[in-house]
Amino acid sequence: MIKAGSDIVLQMHYTANGTAGTDKSRIGIVFATEKPTERVLSIAAATMNFVIPPGDPNYEVGAKLTLQADSTLVSLLPHMHFRGKDFIYRAIYPTGEKEVLLSVPHYDFNWQLSYDLAQPKCCPREP
C-alpha cells in the first residue's frame, strides 16, 4: 500500500568495474482494481557492526529476526558483499523445531537472486 504523499525510495547497488556507466533503472506501478486481501512486506535480518579479524579465512557473522505476528514467507534474498562465502536461512519455530529454509553454499555477489518458495511457508509467532 502506498499512501498519498508517500516517497518511493530505491536503493541501488553498483559494483565498480573501472568503466564509466549510466543508470537506466525504471519502476512500474500497477494500480489495483480491487482492494488487496494481503499485504507483502520486505523485512531484513542484518548485522552491520562486526570486524573480521586479520587473517581469518572463514569468519562467521549471524543475524536473527523474531516475527511479532503470524506471517507467511514467500521469498528469501541472501545479500552480502564481496567477502561473503555462503549463506544459510534457518527457521526456529515456537515448538523449538529448526528448519533450513535456504542454503547458498557458494555465494557470489555478482549473482544475487531472490528465491521464491514453491509453496509459501506459514511462520507462526510464539504463543
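The values are calculated or read from the model by the stated rules, or taken from the named source; none is laboratory data. Here the structure is a predicted model, which is why all the values come from computation and not from measurement. Neighbour counts are summed over all protein chains in view; Cβ atoms, including those assigned to glycine, are modelled from backbone coordinates with ideal geometry. Accessible surface areas use protein heavy atoms only, side chains included; no ligands, DNA or RNA. Shrake-Rupley method; radii C 1.70, N 1.55, O 1.52, S 1.80 Å.
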>> If I ask for residues that are within 27 Å of Y14 (Cα to Cα), modelled with pLDDT under 90 and loosely packed, with under 11 Cβ neighbours inside 10 Å, which ones from the stretch 88-113 would you list?
In response: N110, W111
> Quick check: anything in the stretch 72-79 open to solvent by less than 80 Å² (accessible area, probe 1.4 Å) and touching a Lys or Arg at 6+ places or on another chain (Cβ under 6 Å)?
Replying inline: yes
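Output the residue which, of all residues in the stretch 25-34 that are of a type outside the set (G, A, S) and modelled with pLDDT under 90, is least open to solvent (accessible area, probe 1.4 Å).
At the first step, the residues of the stretch 25-34 found to be of a type outside the set (G, A, S) are 26-27, 29-31, 33-34.
Checking the rest, the ones that are also modelled with pLDDT under 90 come to 26-27, 29-31.
Details: R26: 218, I27: 103, I29: 84, V30: 138, F31: 166 Å².
Here the residue is I29.
Considering only the stretch 36-60, state which residues are charged (D, E, K, R) and at pLDDT 90 or above.
Initial filter on the stretch 36-60 (charged (D, E, K, R)): 38-39, 56, 60.
Selection gives D56, E60.
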> From the set of residues in the stretch 73-127 that are acidic (D, E) and in a strand (DSSP E or B), which is nearest to I43 (Cα to Cα)?
Replying inline: D116
> Which members of the stretch 39-65 meet the condition of being touching a residue at least 24 places away in the same chain (Cβ under 8 Å), more than 20 Å from R90 (Cβ to Cβ) and loosely packed, with under 10 Cβ neighbours inside 10 Å?
Replying inline: R39, V40
>> Cβ-Cβ under 8 Å, sequence separation 6+ or interchain: first residue in the stretch 3-21 and open to solvent by less than 80 Å² (accessible area, probe 1.4 Å), partner at pLDDT 90 or above. Which pairs?
In response: none
> So how many residues does the stretch 8-25 have that are under 21 Å from the mean Cα position of the chain (by Cα) and more than 21 Å from F82 (Cβ to Cβ)?
Replying inline: 4
